[in-house]
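Visitor: One structure, pasted below without further comment.
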Amino acid sequence: MAKMTGKDMVVEALKREGVEVIFGFPGGAIIDINDALEKDGTIKFVLVRHEQGATHAADGYARASGKVGVCLVTSGPGATNTVTGIATAYMDSIPMVVMTGQVPTALIGNDAFQEVDIVGITRPCTKHNFLVKDVKDLPMILKEAFYIARSGRPGPVLIDLPKDVQNGKAEFNYPDEIHLRSYNPVFEPHIKQVRRAYRLIKKARKPVIYAGGGVIIAGAHNELRALAESTQTPVTMTLMGLGAFPGTHRLSLNMLGMHGSYCANMAMANSDLIIAVGARFDDRVTGKIEAFATKAKIVHMDIDPTSIQKNVKVDVPIVGDCRIALEKLVEAVREDSVTAEEWSERHRGWLEQLDAWNKRHPLHYKQESGVIKPQYVIEKLYEMTKGKAIITTEVGQNQMWAAQFYKFDEPRTLLSSGGLGTMGYGFPAAIGAQMAFPDKLVVDIAGDGSIQMNIQEMATAMEQRLPIKIIILNNQFLGMVRQWQELFYDRRYAATKFEMTPDFVKIAEAYGATGFRATKPEEVDDVLAKGLETDGPVVMEFAIAREEGVFPMVPAGKATTEMLLV
Amino acid sequence: MRHTLSVLVENTPGALSRITGLFSGRGFNIESLCVAATLDPTLSTLTLVTYGDDFIIEQIIKQLNRLVDVYKVIDVTEGEFVEREMALIKVKAEAETRAEVLRMCDIFRCKVVDVSSKTYTVEVTGPKSKLKAVIELLTPIGIKEITRTGTIAMIREKKTV
């Protein structure tokens, strides 16, 4: 077999893995691979303006499409700039392969120019990582990296590529399939456990399905819906789970947790059976753990055994792929003799109770004259886009309002940093999503704080001609922290008030994009309509009520029933 | 409760660091840690002594298993097992105590592995409790230095009667 250089191996492996687009930024230690990509010409390279943007874009691409997102950056600062993006993907189980350049192997450990131990730095925030020391190992490492990133509970994998490895030569044996003796994720759930779960479902009178991001990752939304509908069981979703079950469905209780609906939190607190699917009982969901769902038995399906029994005691653990587990559970329902009418009858009282809670405290906000309410902007956006847009968010109030007031009916339509809570995620993620779906409408819902964290990517959006729409809910505050200060720190607004905010319309224009601004409620509809119609990237800035809060709210460390309502 | 875990890991650079990083990052305890190659040179055994309630130990085992480099985790303490540790103890041995140290070594079946005019270096092997007893008894005589290997362990073979 003819020998191949390391850089060509990378290009060849990426093609075989079906990679169509790479997000990255060049540098001395990665120049050879950029050169090889350019010569080959098959894979699109998106040049970002900051490596953090590349990782979020790859992440957004992966979340929107379900494919592996790929990044290519140089050594040293190029590599360290990817850390936040990698940690973001790790916390939300997003498949990603990040390739970093590295100084030649002979110089490693010598504090060479632009040298950093990126494998050491990213060890705790990658699913796995590799330093390639010999070009002979490269094909296998590339194969393993993609396999590990996308299988089991997905996650980011980093490959550190020393310059001499990129230029060294070896035979290129690239297997179609691999088996790793130390890495065997369990896909097939234990049928006995599924039967035990079904017995609990049959006994329950107040069941609730608690669906997380795992449902979306596993592509289990149809099976989830089948289970909910066939057994007439209501569904609440985590932030990561929104879209796993239609938000407009009769059985949807919307989001639960810190800023979840009153109805969803009351449902969890009073239920006698929680069916957790691909969710991990995060502290933002459970509130004070001792007071969480004290009356409920818990069935927990997850592909990652560490998620089970980590925060709460589980009665029936089911380790495996959520889609298969749900499918088997639905089969168990169908094989049983309980009719649809009987299921309805059994849960009638419970569903009526939920409905009453929902009517008592629905998600709502007070309209006031003269000021723009952020919730209204989101509601209007939902209406005008008919719920069909891919929404990305930043982190903070903008994220929670988006989650509460945009109804997500389809999976992979809300892209948001849930676990890590990374401000500056939404805009580059929108770039990735738009690359994956050039014809879909992609909207980033941002705050004036978050958008400034990666605003440099405006240049990338312009260069790639990506018609992303950016909604900036501008309250000249770091609003979520301000809200905590208002509620728990006697309104001492320490370090949250922006004395200076840039003119976002002018920023848009400076990049050659279009900008619109609404400062009065009556301008909102018009700005949204114009903004959505305009070609190319558009910034729509809304001067919103400055001290508007996100409600309901469960204060950190309190029980989820102790909600602060509007 | 104290648990001794036997962890088989791929013999790759960074594997040890992944494991110790997991313990520090998640706030788990490590009492001792001992690593060496196995008969299969591509695998290493890592014997790790940790403590925590059942909930924590379950998490530790699951988290270890989640690491891509970890081949197998066995909680040795779950069944019958043998456990050994070795210590080298440099103890003062001058005129009046020289004989006493040797007597003590004899009782505990320790070996003297180095001799100087003022010290003996004693090798002691056994379960943790034995090491503790030897150290306690030698302390009044004067221990100058001590190094320990950490615990290694093995499951007992099932015996048929």
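The values are calculated or read from the model by the stated rules, or taken from the named source; none is laboratory data. What you see is a predicted model; the values in this text were computed from it and never measured. Quick reminder, even Gly has a Cβ in these numbers, built from the backbone with ideal geometry, and neighbours come from all protein chains shown. Ligands, DNA and RNA are stripped out before the accessible areas are found, and what is left, the full protein with its side chains, is counted by its heavy atoms. Shrake-Rupley method; radii C 1.70, N 1.55, O 1.52, S 1.80 Å.
Visitor: To the nearest 0.05, how large is the calculated FRET efficiency for B:LYS72 and B:THR149 if R₀ is 22 Å and r is the Cβ-Cβ distance?
Guide: About 0.50, to the nearest 0.05.
Visitor: As a test, work out the antiparallel percent of DSSP beta bridges whose residues both lie in chain A, rounded to the nearest 5.
Guide: 10
Visitor: For chain A, what is the relative contact order in percent, using Cα pairs closer than 8 Å and at least 6 residues apart in sequence?
Guide: The normalised contact order for chain A reaches 14 percent.
Visitor: For A:VAL48, which sequence-distant residues (separation of 5 or more, or a different chain) have an amide H within less than 5 Å of its own amide H, given hydrogens modelled in the peptide plane?
Guide: Correct list: A:GLY24.
Visitor: Taking θ as phi - 60°, what are the ³J(HN,Hα) couplings along region A:459-472 by the Karplus curve (6.51, -1.76, 1.60), each to the nearest whole Hz, with x for Gly and Pro?
Guide: Result, ordered by residue: 5, 5, 4, 5, 4, 8, 6, 9, x, 6, 9, 10, 9, 9 Hz.
Visitor: On average, how much area does the Cα convex hull of the protein assembly as shown cover when viewed from any direction, in nm²?
Guide: Averaged projected area of the protein assembly as shown's Cα convex hull equals 40.4 nm².
Visitor: While we're on this one: Could you check which residue among B:VAL82, B:VAL115, B:VAL91 shows the biggest mean-square fluctuation in a GNM of chain B with a 10 Å Cα cutoff?
Guide: Maximum fluctuation in the GNM of chain B, among the listed residues, is at B:VAL115.
Visitor: In sequence order, what are the phi-derived ³J(HN,Hα) couplings for region B:56-64 according to the Karplus relation 6.51 cos²θ - 1.76 cosθ + 1.60 with θ = phi - 60°, rounded to whole Hz, with x for glycine and proline?
Guide: 5, 4, 4, 4, 4, 5, 5, 5, 5
Visitor: Another question, if that's okay. How about region A:124-146: which of its residues lose at least 30 Å² of accessible area in the presence of all protein chains relative to their chain isolated, using a 1.4 Å probe?
Guide: Going by heavy-atom accessible area, the residues of region A:124-146 that drop by at least 30 Å² are A:HIS128.
Visitor: Here's another thing I want to ask about it. Given Cβ point charges of +1 (Lys, Arg) and -1 (Asp, Glu) and nothing else, what value in debye, to the nearest 20, does the dipole of chain A about its Cα centre take?
Guide: 1620
Visitor: Could you list the trypsin sites (Lys or Arg not before Pro) in region A:49-107 that lie in coil according to DSSP, counting only those with at most 12 other Cβ atoms within 10 Å of their Cβ?
Guide: none
Visitor: Once the dipole of region A:108-233 is set up with Lys and Arg at +1 and Asp and Glu at -1 on Cβ about the Cα centre, which of A:VAL135, A:GLN114, A:CYS125 lies farthest towards its positive end?
Guide: Ranked along the dipole, the leading option is A:CYS125.
Visitor: Which residues' amide hydrogens lie under 5 Å from the amide hydrogen of B:VAL112, considering only partners 5 or more residues apart or on another chain, with H built in the peptide plane?
Guide: The list, which skips near neighbours in sequence, is B:GLU123.
Visitor: So what is the accessible area of region B:1-51 per residue, in Å², with the probe set to 1.4 Å?
Guide: The answer is 46 Å² per residue.
Visitor: Also, I was wondering about something else. Using Cα centres only, tell me the gap between region A:145-171 and region A:437-462 in whole Å.
Guide: Measuring centre to centre over Cα atoms gives 29 Å.
Visitor: Looking only at other chains, what is the average number of their beta-carbon atoms within 10 angstrom of each beta-carbon in B:116-127?
Guide: Across B:116-127, the average partner-chain Cβ count within 10 Å equals 0.
Visitor: Using +1 on the beta carbon of Lys and Arg, -1 on that of Asp and Glu, and nothing else charged, what's the dipole of region B:52-160 about the Cα centre, debye to 20?
Guide: Using only the charged Cβ atoms, the result is roughly 320 debye.
Visitor: With N denoting the number of residues in region A:1-126, provide Rg(C-alpha) divided by 2.2 N^0.38 Å, to two decimal places.
Guide: It is 1.03.
Visitor: At a 1.4 Å probe, which residues in region A:180-207 are at least 20 Å² less accessible with all protein chains present than in their chain isolated?
Guide: A:ARG181, A:SER182, A:TYR183
Visitor: Among DSSP beta bridges lying fully in region A:434-566, give the percent that are antiparallel, nearest 5.
Guide: Counting only bridges with both partners in region A:434-566, antiparallel ones make up about 10 percent.
Visitor: For region A:329-378, with every protein chain kept in place, what is the accessible area per residue (1.4 Å probe, Å²)?
Guide: 59
Visitor: A further question follows. What length, rounded to one decimal in nm, is gained on full extension from A:ARG492 through to A:ASP526, with 0.36 nm per residue of separation minus their alpha-carbon distance?
Guide: Answer, rounded to one decimal: 8.6 nm.
Visitor: Taking the Cα centre of region B:103-159 as the origin, how large is its charge dipole in debye, to the nearest 20, when only Lys and Arg (+1) and Asp and Glu (-1) carry charge on their Cβ atoms?
Guide: 320
Visitor: Would you mind checking A:LYS386/A:LYS506; A:LYS388/A:LYS530; A:LYS44/A:LYS380; B:LYS128/B:LYS158; A:LYS295/A:LYS558 for any pair whose Cα atoms are more than 26 angstrom apart?
Guide: Beyond 26 Å between Cα atoms: A:LYS386/A:LYS506; A:LYS44/A:LYS380.
Visitor: Ordered by residue, what ³J(HN,Hα) values in Hz, to whole numbers, does region A:43-60 give under the Karplus form 6.51 cos²θ - 1.76 cosθ + 1.60, where θ = phi - 60° and Gly and Pro are x?
Guide: Coupling constants for region A:43-60: 9, 6, 10, 9, 7, 8, 10, 7, 4, 4, x, 5, 5, 5, 5, 4, 5, x Hz.
Visitor: Let me ask something else about it. With a ≥ b ≥ c the root eigenvalues of the C-alpha gyration tensor of region A:221-302, is it rounded (a/c under 1.5), prolate (a/b larger than b/c) or oblate?
Guide: prolate
Visitor: With point charges of +1 on the Cβ of Lys and Arg and -1 on the Cβ of Asp and Glu, referenced to the Cα centre of chain A, which listed residue (A:PRO428, A:VAL371, A:ALA79) lies farthest in the positive direction of the dipole?
Guide: Farthest towards the positive pole: A:VAL371.
Visitor: Along the positive direction of the dipole of chain B (beta-carbon charges: Lys, Arg +1; Asp, Glu -1; about the Cα centre), which of B:ILE61, B:TYR71, B:MET154 reaches farthest?
Guide: B:MET154
Visitor: Sticking with this one: Within region A:276-382, report the GluC sites (Glu not before Pro) that DSSP leaves as loop and that have at most 15 other Cβ atoms within 10 Å.
Guide: Sites meeting the loop and neighbour criteria: A:GLU368.
Visitor: Let me ask something else. Can you compute the helix-only [θ] at 222 nm over chain B? Use -39500 (n - 2.57) per DSSP H run of at least 4 residues, normalise by all residues, nearest 500 deg cm²/dmol.
Guide: -9000 deg cm²/dmol
Visitor: What residues qualify as long-range amide H neighbours of A:HIS128, i.e. H under 5 Å apart, gap of 5 or more or another chain, H built at 1.01 Å from N?
Guide: Under 5 Å from the amide H of A:HIS128 lie the amide H atoms of A:LEU158, each far enough along the sequence or on another chain.
Visitor: Over region A:48-129, with every protein chain in place, what whole percent of the accessible area is carbon and sulfur at 1.4 Å, could you tell me?
Guide: Carbon plus sulfur share of accessible area: 55 percent.
Visitor: Related question: At most 12 other Cβ atoms within 10 Å and a DSSP loop assignment: could you name the trypsin sites (Lys or Arg not before Pro) in region A:188-227 that fit?
Guide: Those that pass, being in a loop and sparsely packed, are A:ARG205.
Visitor: With the solvent-accessible surface defined on protein heavy atoms using a 1.4 Å probe, which residues belonging to region B:8-29 display a reduction of at least 40 Å² in accessible area in the multichain context relative to the isolated chain?
Guide: B:ARG18
Visitor: List the accessible area buried at the contact between A and B, summed over both sides and calculated with a 1.4 Å probe, in Å² to the nearest 100.
Guide: 1600
Visitor: For region A:434-520, just the Cα atoms, rotate onto the principal axes and tell me the three extents in Å, largest first.
Guide: 47, 26, 25
Visitor: How long, wide and thick is region B:1-55, going by the Cα atoms along their three principal axes, in whole angstroms, largest first?
Guide: Projected onto the principal axes, the Cα atoms of region B:1-55 cover 34, 20, 17 Å.
Visitor: If you don't mind, another one. Where the centroid of each part is defined by its Cα atoms, how far is region A:522-540 from region B:48-112 in Å?
Guide: Answer, in whole Å: 69.
Visitor: Related question: Show that you can apply the helix-only estimate: for chain A, add -39,500 (n - 2.57) for every DSSP H stretch of four or more residues, divide by all residues, and state [θ] at 222 nm to the nearest 500.
Guide: Here the helix-only value at 222 nm equals -11000 deg cm²/dmol.
Visitor: So what's the convex hull volume per residue for the Cα atoms of region B:7-161, in Å³?
Guide: Residue-normalised Cα hull volume stands at 161 Å³.
Visitor: Express the accessible area of region A:162-284 per residue in Å², computed with a 1.4 Å probe while the remaining protein chains stay in the model.
Guide: Here the per-residue accessible area is 37 Å².
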